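Presented below is the structure to which this report refers.
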Amino acid sequence: MTSIYSEAGGKGDYDITGEVLVGVYYKSGQLHIHVERARGLAAADSNGYSDPYIKTYLLPDKAKHTKQKTSVKKKTLDPVYNETLKVCIETLLS
């Protein structure tokens, strides 16, 4: 299996490895996606690390209006994000 990175024109095929700890909840018309951390990610850089980030979007949003992204964590395979991504659901329904 290859990663989305390689399918998007990355420099090679990488095994998909690792775990991501997330929580999802709905509050006041918004979907909150709390990205806590990841661990055991595949190394994609020549230095044996990666510069990972988490990207989310709701399906079937073909235009990716709901796309959200965490910050990039440099040179790590076990990033800690502790970030909450928010998507306003009420505007999608109108």
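What to note about this one:
- Here the Karplus curve 6.51 cos²θ - 1.76 cosθ + 1.60, taken at θ = phi - 60°, turns the phi angles of the range 74-79 into couplings of 6, 6, 8, 10, 9, x Hz, with x standing for Gly and Pro.
- Pair residue 64, residue 24: separation of 7 Å Cα→Cβ label points (nm): 1.9
- Per-residue HN-Hα couplings for the range 80-87 [Karplus 6.51, -1.76, 1.60; θ = phi - 60°; Hz; x = Gly/Pro]: 10, 9, 6, 10, 10, 9, 10, 10
- Cross-link partners of residue 86 among lysines, defined as those whose alpha carbon lies under 29 angstrom from its own and excluding same-chain residues fewer than eight positions apart: 27, 55, 62, 64, 67, 69, 73, 74, 75.
Coordinate-derived values only; no laboratory data. This one's a predicted model, so the numbers in the text were calculated from it and none came from an experiment. Cβ sites come from the backbone with ideal geometry, for glycine too, and all protein chains shown count toward neighbours.
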